Amino acid sequence: MTLLHPDEALQRILASAQTLSETETVPLASARGRVLAKPLTARCTLPPFDVSAMDGYACVVDTPDRRTPMRLKVIGESAAGHPFMGEPGHGEAVRVMTGAAVPRTANTIVLREQAEEDGARVVLHPPFEPGRHIRRKGLDFERGAPLLHPGVPLDARHIGLAAAMGHARLAVLRRPKVAIIATGDELLEPGAPAGDGARVFSSNPSWAAAMISGAAGEALIIGTAGDSVASLTAALDAARDSRADIILTCGGVSAGARDL
């Protein structure tokens, strides 16, 4: 009897494998571990407009080397989801929150920690730097950008990105169905009475099913085939009738008379 090295056995298995082509559409919550079937492009631009990266004050700074405080009139507030519709000019500032739209004419955000608000006015302390703390429109991605490609096994990062791109459902490859057959007259199903100790509980199918499910496969435990041609044939027929893509047998692979 000639034994195969595991690497050669794996190569033989992979050489006989056929690539799945059937697809299905699943919600984001069910997509983890699945393989993306179609290119995914962004349905939006993110950020959709210039947004503030910090809490502070949006204003106009023409002299970034200024070393003295600025005293500005606060003309409004911009919060996430509630933009300020006006435009601050020289001598004016708009209070902004993290994630809020930056008014079009403002060119910097001065941190809240650098500010002393006094009624309708605020004193802003240097340093001042144009463009500071502003996340520009499209910094993350532009509408129509292809960000996820077919063949990607989807993890939590990909799913979060797909959501940010505006997708609620994803086209993924069908999960491969794997039929599992344990072999051996000595096997008992887990949960059955232990008997006289001459038999052992069958553990490989449960272990294999968990591994398959964790790899985005669909596991189907056929059951246990006894050490006879008739029993093994019946189990293989049942696996075939299940339309499994893969039939996985456990045991019966040595050179004994009952290793079928």
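Exactly one residue out of 227, 237, 241, 245 is within 16 Å of residue 186 (Cα to Cα), out of contact with any helix residue (DSSP H, G or I) (no Cβ under 8 Å at 6 or more places or on another chain) and not polar (S, T, N, Q), and it is 227.
Residue check: residue 16 meets all listed conditions (1) closer than 26 Å to residue 110 by Cα; (2) loosely packed, with under 12 Cβ neighbours inside 10 Å but one, namely (1).
Checking each residue in region 197-247 for being in a strand (DSSP E or B), out of contact with any Pro (no Cβ under 9 Å at 6 or more places or on another chain) and open to solvent by less than 70 Å² (accessible area, probe 1.4 Å) picks out 220, 225. If you go through region 111-139 and pick out every residue that is assigned to a strand (DSSP E or B) and in contact (Cβ under 8 Å) with a residue 60 or more places away in the chain, you end up with 4. Looking for something open to solvent by less than 40 Å² (accessible area, probe 1.4 Å), under 31 Å from the mean Cα position of the chain (by Cα) and within 30 Å of residue 33 (Cα to Cα) - is there at least one such residue anywhere in region 121-141? Yes, that holds for at least one residue.
Within this structure, residue 106 passes the test of being farther than 30 Å from residue 22 by Cβ, open to solvent by less than 40 Å² (accessible area, probe 1.4 Å) and at pLDDT 95 or above.
Can you tell me which residues in region 85-103 are open to solvent by 50 Å² or more (accessible area, probe 1.4 Å), in contact (Cβ under 8 Å) with a residue 24 or more places away in the chain and in a loop (DSSP other than H, G, I, E, B)? Answer for region 85-103, where residues must be open to solvent by 50 Å² or more (accessible area, probe 1.4 Å), in contact (Cβ under 8 Å) with a residue 24 or more places away in the chain and in a loop (DSSP other than H, G, I, E, B): 90, 97, 98. Of all residues in region 72-84, those being part of a strand (DSSP E or B) and open to solvent by 30 Å² or more (accessible area, probe 1.4 Å) number 4. One residue stands out in region 152-176 among those that are open to solvent by 50 Å² or more (accessible area, probe 1.4 Å) and small (Gly, Ala, Ser): the one that is nearest to the chain's Cα centre (by Cα), namely 156.
Region 140-191 holds strands (runs of 3 or more DSSP E) entirely within its bounds, and those carrying 1 or more residues that are of a type in the set (Val, Ile, Thr) map to 169-173, 177-183.
The values are calculated or read from the model by the stated rules, or taken from the named source; none is laboratory data. Bear in mind that the values here come from a model prediction, so they are computed numbers and not experimental data. Cβ coordinates were reconstructed from backbone atoms using ideal geometry, including for glycine residues, and neighbour counts include every protein chain displayed. The protein model used for the area step is the full one, side chains on, heavy atoms only, and it has no ligands, DNA or RNA in it. Shrake-Rupley method; radii C 1.70, N 1.55, O 1.52, S 1.80 Å.
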